[in-house]
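Shown next, in structure tokens, is the structure this report addresses.
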Amino acid sequence: MGLFSRRHRDDGIDDGRDDGRDDAADVAVGPGESTPSKPEDVGVGPWDAADAPDETASAGLVDLGALRVPAVDGMQIRMERAGQGGEASAVVLILGGSTMELRAFAAPRTAGIWDELRADITAQLTRAKATFELVEGDYGTEIIAQLPVRTPEGRTGTMAARFIGVDGPRWFLRGVLQGRAATDPDAARQLREVFAGTVVVRDGVARPPREILPLHAPGVTAAPEAEELPGLDPLQPGPTIAEVR
């Protein structure tokens, strides 16, 4: 999404930091710091490719490179790219009138990065004059924000967004829900199930923390470039699951 996107090599937060390589020595966790959450600890994904249960793979996944997402009838998939002809940096899933943006990043072997990324996001939300609150969700602390936007009529309004983060082995996955799914648990159920069924494929390349893991469009047909999420029309046509199987 455009509000927090610097594209290419980081998490979309303009912090300007690349702190070493992800295959460096393990980072010790001091008192009061949180250890990286392991998706398998809660019995659901997102999964590391090495740990994904057989039933997840057999259920049918769409290969997007570093991410494999469950195939859901009626779900549209749109790739977000860094400018014209740029590499895909995120995938936007559109289902039931709501959207979920997924980005995968490199991370250290043991120390999670969600705590510091969350602090960066809230700092940027404050600078953007957005309101937000921290809430406990399925994977720990999540951020619910009301983002300032301009309506098609030229008026000032707000749009809800919910930021979810999961630390995995040498990767971090961020999800951003928008539309009704950001605040309505029933509306979010299907997209959250997709998030929980997502498999992260971390390549063997040494990458600095926060570098975006490479994505590609499903199949051989390039997907349309995703619009900036604050102006995203959840009903705008895109390639559906049936079209990319």
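Every read-out reported here was derived from the displayed coordinates using simple, explicitly stated rules and does not represent laboratory data. Values in this document were obtained by computation on a predicted structure and should not be read as measured data. Cβ: placed from backbone, ideal geometry, glycine included. Neighbour counts: every protein chain shown.
So who's got an amide H within less than 5 Å of the one on Gly65, skipping anything under 5 residues away but keeping other chains? H placed 1.01 Å off N, in plane. Those lying under 5 Å, H to H, from Gly65 are His216.
Report the local net charge at Arg189: Lys and Arg +1, Asp and Glu -1, summed over other residues whose C-beta lies under 12 Å from its C-beta.
Values: positive: Arg180, Arg192; negative: Asp138, Asp184, Asp186, Glu193.
Net charge in that neighbourhood comes out at -2.
So, by mean Cβ neighbours within 10 angstrom, what's the order for 184-197, 126-139 with the highest one leading? Please report the intermediate quantities before stating the final value.
On the way: 184-197: 17.7, 126-139: 12.9.
Top of the packing list down: 184-197, 126-139.
Put simply, the amide H of Arg210, placed in the peptide plane, has neighbours under 5 Å in Ala106, Ala107, leaving out anything fewer than 5 places away on its chain.
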